[in-house]
Amino acid sequence: MRGRYVLGILGAGAAVAVMAASPAFARGAAFSGEGSLLDDWWNEEIVSASHHAKGNVTALWQQILWSEGYLPAPEIDCDFGPKTTAASKKWQADHGLDADGLIGKNTWKKAATEHLTAVNASTARYDGIEGKYITFTRPEAGGNWTMSLSGDRQVLWYDKTTFTKCAR
């Protein structure tokens, strides 16, 4: 079970641990969610050159940029550098958002709302342009999202790069 535990004191000095709801970023270091796949992205952490700049979630965002023609495939490297920042700002401007290069709540929500569809209860697909798409899985409610990069399926960690393509 994920979440934040709060210690409560009952009468006569007895203590009890109570599970409290928590936002996505408090659930751990992975892109995760519960309930509908299609609204999982709406409360994820910021990814940018200064927030979780190196990790599998950066590769997720880079694949989105690639699928929509904003970033060439060789630039998908799990590192939110200057080319990813420039492509992100262009994507945001083209989608009617503040072009700040911070991939936060509004950007994640816009990407999901416009391009993400549920294939089944545990699989979602992000449709880009010219037949490009990305398939994701979230095997269980409250679980971590996974994605394949160059045939290598990994959990989408914020601050870990576990994709073979990103290993240095």
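The values are calculated or read from the model by the stated rules, or taken from the named source; none is laboratory data. Because the structure is a prediction, the values reported are computed rather than measured. We place every Cβ from the backbone using ideal geometry, glycine too, and count neighbours over all the protein chains shown. All accessible areas refer to the heavy atoms of the entire protein, side chains included, with ligands and DNA or RNA removed. Shrake-Rupley method; radii C 1.70, N 1.55, O 1.52, S 1.80 Å.
Could you give the dipole magnitude of the stretch 44-166 about its Cα centre, charging the beta-carbon of Lys and Arg +1 and that of Asp and Glu -1, in debye to the nearest 20?
Dipole about the Cα centre, nearest 20: 120 debye.
Residues in the stretch 87-121, backbone N under 19 Å from the label point at residue 75 (7 Å along the Cα-to-beta-carbon vector): list them, ranges by number please.
Inside the label zone: 87-104, 107-108, 111.
I need the shape label for the stretch 122-168. Rule: rounded when a/c is under 1.5, else prolate if a/b > b/c, else oblate, with a, b, c from the alpha carbon gyration tensor.
oblate
Suppose all protein chains stay in the model; what accessible area per residue would a 1.4 Å probe give for the stretch 23-91, in Å²?
Each residue of the stretch 23-91 exposes 37 Å² on average to a 1.4 Å probe.
Measure off 7 Å from each Cα along the Cα-to-Cβ vector at residue 49 and residue 165, then give the distance between these two points in nanometres to one decimal.
A separation of 2.3 nm, rounded to one decimal place.
Report, to the nearest whole %, how much of the accessible area of the stretch 84-131 belongs to carbon and sulfur atoms, 1.4 Å probe, protein only.
48 percent
Give me the one-decimal nm value for the distance between modelled label points at residue 150 and residue 113, 7 Å along each residue's Cα-to-Cβ direction.
3.5 nm
Whole Å is fine, so just give me how far the alpha carbon centre of the stretch 115-137 lies from that of the stretch 34-53.
About 16 Å separates the Cα centre of the stretch 115-137 from the one of the stretch 34-53.
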